[in-house]
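Note sheet for the following structure.
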Amino acid sequence: MIIAESGQEKYLTQLSNGAVNITADTTGNNGGSGEYFRPHDLLCAGLASCLNISIRMVLEKMNLKYDKVIAKVDVNRTKEDSTIFLYHVEIIGDINAYTKEDVISKAMNCPVRKTLSKNISFQPM
């Protein structure tokens, strides 16, 4: 569970999972400082981190050595009736392109992507 608590500054919000604390805000254009993650950034961060972790798990399961995995995620909300998550994954290391694509395709069903792909509803706790 994530708890969001308002801060003293306009729109500054403290987030906690009980063990880790981070700060969220809006962009500077909406009265926020623009120094912190925006709410949509947090959605992208969840997907990017899950993709990154899942790819590394697949690499390790296949006994493939790598130097670094970079997952980039953005969200396109310009259409009123749909949301598009844009992603790019880079595996840095001495692995051929075909194997890299195979690893990425195996990791595309990461848990956060599965969650975001389901029919979503909202209800009070």
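Bin width 10 Å, alpha-carbon pairs only: give the P(r) of the range 10-79 as whole percents, running from 0 to the bin holding the largest distance.
For the range 10-79, the pair-distance distribution reads 17, 34, 29, 15, 4.
Would you list Met108, Met57, Met1 from the most to the least accessible area, probe 1.4 Å?
Met1, Met57, Met108
What fraction, in whole percent, of alpha-carbon pairs in the range 78-124 exceed 14 Å separation?
66
So, in nm, how far is label Ile92 from label Ala45 when the simple model puts each one 7 Å beyond its Cα toward the Cβ?
2.2
Mind ranking His88, His40 by accessible surface for me, highest first, 1.4 Å probe?
The most accessible residue leads, giving His88, His40.
Got a number for the accessible area of Val112? Probe 1.4 Å, square angstrom, nearest 10.
Surface accessible to solvent at Val112 totals approximately 50 Å².
Keeping all protein chains in the complex and leaving out DNA, RNA and ligands, what accessible area do you get for Tyr87 with a 1.4 Å probe, in Å² to the nearest 10?
120
Would you kindly state how much longer the chain becomes between Arg38 and Thr115 on full extension, computed as 0.36 nm times their sequence separation minus their alpha carbon distance, in nm to one decimal?
25.7 nm
Please arrange Asp94, Asp25 by accessible surface area, largest first, computed with a 1.4 Å probe and ligands excluded.
Asp94, Asp25
Show me, for the range 4-17, the HN-Hα J-couplings you get by feeding each phi into the Karplus relation (A = 6.51, B = -1.76, C = 1.60, θ = phi - 60°), rounded to Hz, glycine and proline as x.
Using θ = phi - 60°, the values come out as 10, 10, 5, x, 6, 7, 3, 6, 5, 9, 8, 10, 8, 9 Hz.
Past the 19 Å Cα-Cα mark, which pairs from Lys65/Lys100; Lys68/Lys114; Lys61/Lys118?
Lys68/Lys114; Lys61/Lys118
Taking a probe of 1.4 Å, how large is the accessible area per residue of the chain, in Å²?
It amounts to 76 Å² per residue over the chain.
Percent of accessible area on the chain owned by carbon and sulfur, 1.4 Å probe?
Carbon and sulfur atoms account for 51 percent of the accessible area of the chain.
Cut-off 10 angstrom, C-alpha nodes, Gaussian network model of the chain. Which of Lys65, Lys100, Lys79 fluctuates the most?
Of Lys65, Lys100, Lys79, the Gaussian network model singles out Lys79 as fluctuating most.
What is the helix-to-structure angle for 97-107, meaning the angle in degrees between its Cα long axis and the longest Cα principal axis of the chain, kept from 0 to 90 and rounded to the nearest 10?
Result, in degrees: 50.
Give me the one-decimal nm value for the distance between modelled label points at Ile70 and Thr23, 7 Å along each residue's Cα-to-Cβ direction.
Computed distance between label sites Ile70 and Thr23 equals 2.8 nm.
Roughly how tilted is helix 39-61, in degrees to the nearest 10 and between 0 and 90, from the longest Cα axis of the chain?
20
Semi-axes of the equivalent ellipsoid for the chain, please: Cα gyration tensor eigenvalues, times 5, square-rooted, ordered largest first, whole Å.
For the chain, the semi-axes come out at 32, 17, 15 Å.
The values are calculated or read from the model by the stated rules, or taken from the named source; none is laboratory data. Being a predicted model, the structure only gives us computed values, none of them experimental. Here the Cβ is made from the backbone with ideal geometry for all residues, glycine too, and neighbour counts use every protein chain on show. Protein only, heavy atoms only, side chains kept; ligands, DNA and RNA dropped before computing areas. Shrake-Rupley method; radii C 1.70, N 1.55, O 1.52, S 1.80 Å.
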